[in-house]
Each structure stands twice: as C-alpha cells, then as structure tokens.
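J.: Below you'll find the structure I mean.
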Amino acid sequence: MVYLLLSSCFLAYLHSYCYQNAVFTIMQPLVEIKKNGTMALFELTPLKKREFIFSMLLLRTIYTLIWVIILIGILLMLGTIQISQLFLFFVVVLFGMFMVFTFGILLSTFFNSVEVAGAWGGFIIVFIYIFSGHGGMLPNVKGFMKTVSQFNPFTYLNQALQQVVFKDITIAFPLYVNMLIVIGAGLIFIIVSVKTFKWKLEV
Amino acid sequence: MIIEINNMCKSYGEHLVLDQICLKVKTGSVFGILGRNGAGKTSLIETMIGLRKKDSGQVTILGKNIERVNDTIKYHVGLQPQTSALLPRQTIFETLTLFASFYPNPLPVEQVMGQLGLEQISNKRIDHLSGGQKQRVLLAVTMIGNPKLLILDEPTAGLDPQIRRSLWSIIRGLRDQGKTILLTTHYIEEAEQLCDEVAILHDKHIIVQNSPQQIINAQQTQTLEDAFVSLTGDLVREGWD
C-alpha cells in the first residue's frame, strides 16, 4: 500500500515536472530570447526555423533523459516497476517528453512577453493537470470533466504511464492507442510550431 | 553597384515613413545613411533586406531582386542590428563558433577575433563584457559568415569616442579587404570621417547622395554638420527628438 502511494506520488510529480518543463524551461526562455533580440540575429543567418526548433527539442530531451534515469532508479528501488517494465516505461516517458516539449515550443510562438507567458503558462498547467484524468482513471471520470479530458492529449500520456506502472487497472484504451495519440499530438504541435514560429516580436 | 533601390515606399498602417527612396551603393565602399533620430534609417535597411514588407518599389542586392529575406541575404549579407542581445552565458569564442556553424564557408573564428582585438578575452562571458566589447562581438558575429556586404545599424551608438574611433579603423580595414559596408548613423562626424558616400534621409526622402566633401561644397558650408543642418533645418521636432 505504501509503495502504491509512493508510486502514485512519483507519477503525479512526473506529470507536474513535465508540464512545468513545457512552460518554464521551454516556453518562457524562448519568449525571452525572442524579446531581447537574440533570435532576430538567427533570422539573418542560414539557420532554418525547423533546425532551431529541433535543436531546442534535442537539447531538452538529453537533459530530461538524465532526470528520467534517476527516476527509474528510484522506482526500481521502491519496487514499483520491474526490470521487465523498464523498456516500456522508458519509451512512454520519451514520447511523452516529445509531446510536452513540442507543446512548450508551440506555446512560445503565441507570446511576446515573458511575464504574460508565465501567467498564462501557470493557468495552462493547472488546466491540463485537472483535465488529464489525475482525479482518477479516465473510465471513472464523469460528466464535463470526462468530455474535456478526452480531448486533452495529456490525458493519454497519463493513462499510458499508469498502464505501465500499475497492474490491474481499469483502462479506457490499450497502451498502443494512448501512445499513438501522444505521438500524433506531438507531431501536430511541432508542425504547427514550425508554421507559427517567428524569430522576433511582432510589430 | 552592390545595392540599388528604386522608388521604394514603406508605411506602417496610415503612417508613411519612406517615400520614393532611391539609392545606389558602390561595391567596395563605405556608405553612410545619415538622418535624425526617428528619420527612418532602421526602417530603410530592414525594408531593403526584406525583414519588413515594402509597399512598392524595387530593391536589388548583389544583382538579385529582394522581396523577403532570402538566401542572397542569409549567405552574403551580414546585418548588425541596432539593438540586439547575444546569449549571455556563452563566451565570445562559443558565440562565434555557434554562428560560424550556420555557414558553409565561415571565416576562421581565431582570425575574426584577431581582427577585432577579441583574442585576449575570448573566454569571457557575454554578460561580463563592456558596451564596446559587446559591439565588437556583434560586429564579429556579422563578419563571421564572410559576407560581401555588411550592414551596420548605428554601430557606435552610445560608445566612448576612443572605442568609436577604434571601430572606425576596423570598418576601414574591412573596406580595404574589398567588403562593402552600409551603415546608418546620426553622428555627423562619423559619416564625415568614415564614409565614401553619404545619403541624408529626411522627411521620408533621400534628399542628397554624394561624398561628404561634395555635400559640403554644394551647401557652401565648412563642415558636414553645417551642411546637414542647412539641408534638414534646425527646428526641434515635437514628439520626435
């Protein structure tokens, strides 16, 4: 029971870490360097928008992998996951990070002010958290919350992680469906990001 | 001619800022665009290279028609903006190496640092640099791609006279290497000392384009500053200056 509680807490922490990553380590810094003119210097070089976006993605993925390895070590020590589940957990987290980071990059294209980005980012985090099935498994969530949760791609990341970590849980969709939605959402975020990305503030 | 602008117009909404601008810049020269604060110098160069959409007119740079920022601009033109910031926690060497990586045939980083007197401080972080050092780094970033044309927007604004003069000698050195430099300034002395030709931007138009000495002679004044005031008037504009 204690292990179950700790595992739930760690998963909740992982989700919170992901969403805050999207806002505070991706969206806000990108808005800041856009505002102070650094990205305007890049616009006049042969560097392409998609190269810049992919480099941001790669950098943060490498940084997050280190943290994920530490988390896996903790979960292994707690006995929450077994060695046999490692690969699946790693894949789910990796693709989940892809979706989260591309979401952060997408958000950065809509803001010109770091303060406004931070304020809206905080609101978005709370919204995503509430409506991603953290109140329970998706089949058990009812009414308006269920409807909104079903359209939130982070719900499916949440479901996928819970499926990998916990056994014998009530699930709405098989793991592969959840992962397809997560990967699809990430691809949509990155395609839209490349289209809406601007090197400098709109005048 | 490396740059030819014919009848270029630019407005921001209802406000016309550039009207029928015509300009020709010779290859291998230092060309100055002189004007008061708010005259539209930055708008002129940003519109010219395609960072801003022009309303009408034609711009040719290096023989290519320019509508938006394209490969001609990215590979062969270096622009040093008036206000810009580099990544503060990178060192000078890291910054130049990063920007050099964007180009197929960049200049060696050590060579550029040597030219601009940055080699002794190459491991200093950008946020630890003085204003003059940052300007030199920005100039280095502009040069690193080995462009044929360098466009410098107010390169010595806010700098000490000594640093300004050292930047002038660097700019003269670049011209001697065969590069073309187009700079904007509101420092008359800078235009007079540095530029082979000057265009004065006033009231949305280029009112004169010639060498500093010929402008002085035409206005029958002693200095370019007197000629500038004679051409642009000595009224202080409300809400602008």
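The values are calculated or read from the model by the stated rules, or taken from the named source; none is laboratory data. As the structure is a computational prediction, the values presented were derived from the model and not from experiment. In this analysis, Cβ positions are derived from the backbone assuming ideal geometry, glycine residues included, and neighbour counts consider all displayed protein chains. Just so you know, the surface numbers come from the protein's heavy atoms only, side chains and all, with ligands and any DNA or RNA stripped out. Shrake-Rupley method; radii C 1.70, N 1.55, O 1.52, S 1.80 Å.
J.: Just for helices (runs of 4 or more DSSP H) wholly inside segment A:1-91: which have at least 2 residues that are small (Gly, Ala, Ser)?
T.: Those helices (runs of 4 or more DSSP H) span A:2-20, A:49-78.
J.: Let me ask something additional. Name every residue in segment B:91-129 that is among the aliphatic types (A, V, I, L, M) and in a loop (DSSP other than H, G, I, E, B), in order of residue number.
T.: B:107, B:116, B:118, B:129 - these are the residues of segment B:91-129 that are among the aliphatic types (A, V, I, L, M) and in a loop (DSSP other than H, G, I, E, B).
J.: Which of the following residues is away from every other protein chain (no Cβ under 14 Å) and more than 17 Å from residue A:185 (Cα to Cα): A:39, A:99, A:77?
T.: From the options A:39, A:99, A:77, the qualifying one is A:77.
J.: Does residue B:82 satisfy the criteria of being surrounded by fewer than 18 Cβ atoms within 10 Å (Cβ to Cβ), at the interface with chain A (Cβ under 10 Å from one of its Cβ atoms), within 30 Å of residue B:6 (Cα to Cα) and touching a strand residue (DSSP E or B) at 6+ places or on another chain (Cβ under 6 Å)?
T.: Criteria met by residue B:82.
J.: Right, here's the next one. Tell me whether segment B:9-21 contains one or more residues that are of a type outside the set (Gly, Ala, Ser), in contact with a strand residue (DSSP E or B) (Cβ under 9 Å, 6 or more places away or on another chain) and within 14 Å of another protein chain (Cβ to nearest Cβ).
T.: So far as segment B:9-21 goes, yes, one or more of its residues are of a type outside the set (Gly, Ala, Ser), in contact with a strand residue (DSSP E or B) (Cβ under 9 Å, 6 or more places away or on another chain) and within 14 Å of another protein chain (Cβ to nearest Cβ).
J.: May I ask you to list the residues in segment A:50-70 that are touching a residue at least 60 places away in the same chain (Cβ under 8 Å) and surrounded by fewer than 17 Cβ atoms within 10 Å (Cβ to Cβ)?
T.: Result: A:50, single match.
J.: Select from segment B:63-79 the residues that are open to solvent by 30 Å² or more (accessible area, probe 1.4 Å), facing chain A (nearest Cβ under 9 Å) and either in contact (Cβ under 8 Å) with a residue 60 or more places away in the chain or among the polar types (S, T, N, Q) (or both) and list them in ascending order.
T.: B:75
Okay, residues lined up against (1) open to solvent by less than 30 Å² (accessible area, probe 1.4 Å); (2) in contact with a Leu (Cβ under 6 Å, 6 or more places away or on another chain); (3) modelled with pLDDT of 85 or more; (4) closer than 22 Å to residue A:11 by Cβ:
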| residue | (1), (2), (3), (4) |
| --- | --- |
| A:136 | yes, no, no, yes |
| A:175 | no, no, yes, yes |
| A:182 | yes, yes, yes, yes |
| A:203 | no, no, no, no |
